[in-house]
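Before any comments, here is the structure.
The values are calculated or read from the model by the stated rules, or taken from the named source; none is laboratory data. Predicted model, so just to flag it, every value in this text is computed and none were measured. Backbone-built Cβ (ideal geometry, glycine too); neighbour counts: all protein chains shown.
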Amino acid sequence: MAADSALVDRVVADLERDGYAVVESLLPANEAATVRDGLREVLGRTPTGRNDFEGFSTRRIYALFAKTRAFDALATHPLLLGVLDRVLGTSYQLSAPTGIEIGPGEKAQVLHTDDAIYPLPRPHPEVVLNTMWAFDDFTVENGATRLVPGSHRWVDRWPAEEDASVTMTMPAGSVLFIAGTLWHGGGANKTDHTRLGVLLEYAAGWLRPQENHVIAVPPAVVATLDPRLQELLGYNIHPPFVGYVDGRHPRRVLEERGTRAP
């Protein structure tokens with residue numbers, strides 16, 4: 001299925017102007033509910049966070065593609081790939097896919113940029129693009145993501161009191177695109193209910209991803225996945241030859257080990 005070119009254009013324009021873009025109700029309600037239900041078992045055995053950044057009342061599902069098949073199609077959604085092609089170029093990979101369930105009483109997360117882990121002086125071309133998929137309605141009260149519009153263009157600034165943030169409310173099934181250079185953070189959950197979202201974060205193909213998917217996702221599982229998703233999990237080459245294994249394409253290694261998908 002091809003991406004809607006007009007929608008790709010709109011998302012890219014919003015990202016360039018504001019540092020973020022929202023597509024509401026991209027997934028029908030029943031599809032969003034199915035994906036949400038697919039995470040219930042995983043969340044039931046996921047501990048809460050270990051520090052302020054993770055959130056002591058927040059559950060984070062790491063190694064997402066080792067634990068559920070609920071997000072395989074979303075990771076290669078035509079709209080997402082169409083935007084990634086325009087923002088990061090044709091070589092990119094999953095970096096930090098994470099399910100995030102913010103629990104009641106969780107305080108607001110510190111504002112940050114997703115590309116801050118890489119020692120790149122600003123300004124620089126975008127090397128990270130994050131997407132937050134909503135599987136509950138995101139509201140001001142339950143911890144919807146906060147953003148500082150236009151902060152992706154800052155060079156030597158950090159958020160201050162006078163920099164107004166906006167809270168990105170959106171219905172379940174929506175997706176929020178966030179430039180890696182934009183200051184943002186999770187909101188405080190002041191309700192009695194959890195708020196579930198999933199981050200699918202991508203980085204340029206020449207960067208080391210945050211999570212080591214080659215170790216996190218067993219090869220036998222990788223072999224069952226769509227070839228495009230395999231590439232996004234690290235079984236790919238950044239031209240001309242970054243990421244080779246014994247001088248060859250990593251997919252050849254999967255095949256020769258007898259773990260190729262039927």
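If you check Ala144, Ala160, Ala134, Ala172 for being free of Cβ contacts under 8 Å to residues at least 24 places away in the same chain and aliphatic (A, V, I, L, M), only one passes: Ala160.
The strands (runs of 3 or more DSSP E) found wholly in the range 81-138 and carrying at least 1 residues that are among the hydroxyl-bearing types (Ser, Thr, Tyr) and crowded, with 23+ Cβ neighbours inside 10 Å occupy 92-94, 128-134. Among residues that are surrounded by 13 or more Cβ atoms within 10 Å (Cβ to Cβ) and either closer than 24 Å to Gly186 by Cα or at pLDDT below 95 (or both), Asp4 is included.
Annotation note: of Gly205, Gly180, the sole residue that is surrounded by fewer than 23 Cβ atoms within 10 Å (Cβ to Cβ), in contact with a Leu (Cβ under 9 Å, 6 or more places away or on another chain) and within 26 Å of Gly150 (Cα to Cα) is Gly205. Would you confirm whether or not the range 212-234 contains a residue that is surrounded by 15 or more Cβ atoms within 10 Å (Cβ to Cβ), modelled with pLDDT of 95 or more, assigned by TED's automatic domain parsing to the domain that holds Ser95 and part of a strand (DSSP E or B)? No, the range 212-234 has no match at all. Would you call Gly173 crowded, with 19+ Cβ neighbours inside 10 Å, modelled with pLDDT under 95 and either of a type outside the set (Phe, Trp, Tyr) or in a loop (DSSP other than H, G, I, E, B) (or both)? Against the criterion (crowded, with 19+ Cβ neighbours inside 10 Å, modelled with pLDDT under 95 and either of a type outside the set (Phe, Trp, Tyr) or in a loop (DSSP other than H, G, I, E, B) (or both)), Gly173 does not qualify.
Residue check: Val35 meets all listed conditions (1) in contact (Cβ under 8 Å) with a residue 12 or more places away in the chain; (2) in a helix (DSSP H, G or I); (3) over 21 Å from Glu211 (Cβ atoms) but one, namely (3). Checked against the criterion of being touching a residue at least 60 places away in the same chain (Cβ under 8 Å), of a type in the set (Ser, Thr, Tyr), more than 27 Å from Arg86 (Cβ to Cβ) and surrounded by 18 or more Cβ atoms within 10 Å (Cβ to Cβ), the range 192-200 contains one or more residues that satisfy it. Looking across the range 44-62 at every residue that is hydrophobic (A, V, I, L, M, F, W, C) and surrounded by fewer than 17 Cβ atoms within 10 Å (Cβ to Cβ), the one that is farthest from the chain's Cα centre (by Cα) is identified as Phe56. Taking the conditions (1) closer than 19 Å to Ile117 by Cβ; (2) out of contact with any strand residue (DSSP E or B) (no Cβ under 9 Å at 6 or more places or on another chain) in turn, Glu211 satisfies each one other than (2). Restricting Val166, Val127 to those that are without any contact (Cβ under 8 Å) to a residue 60 or more places away in the chain, in contact with a Leu (Cβ under 7 Å, 6 or more places away or on another chain) and in the same structural domain as Ile178 (by TED's automatic domain parsing) reduces the list to Val166.
Evaluated against (1) over 16 Å from the mean Cα position of the chain (by Cα); (2) surrounded by 15 or more Cβ atoms within 10 Å (Cβ to Cβ); (3) in a helix (DSSP H, G or I), Arg40 falls short on exactly one condition, (2).
Which residues, taken from the range 145-170, are closer than 21 Å to Arg60 by Cα and in a loop (DSSP other than H, G, I, E, B)? Thr145, Met168, Thr169, listed by residue number.
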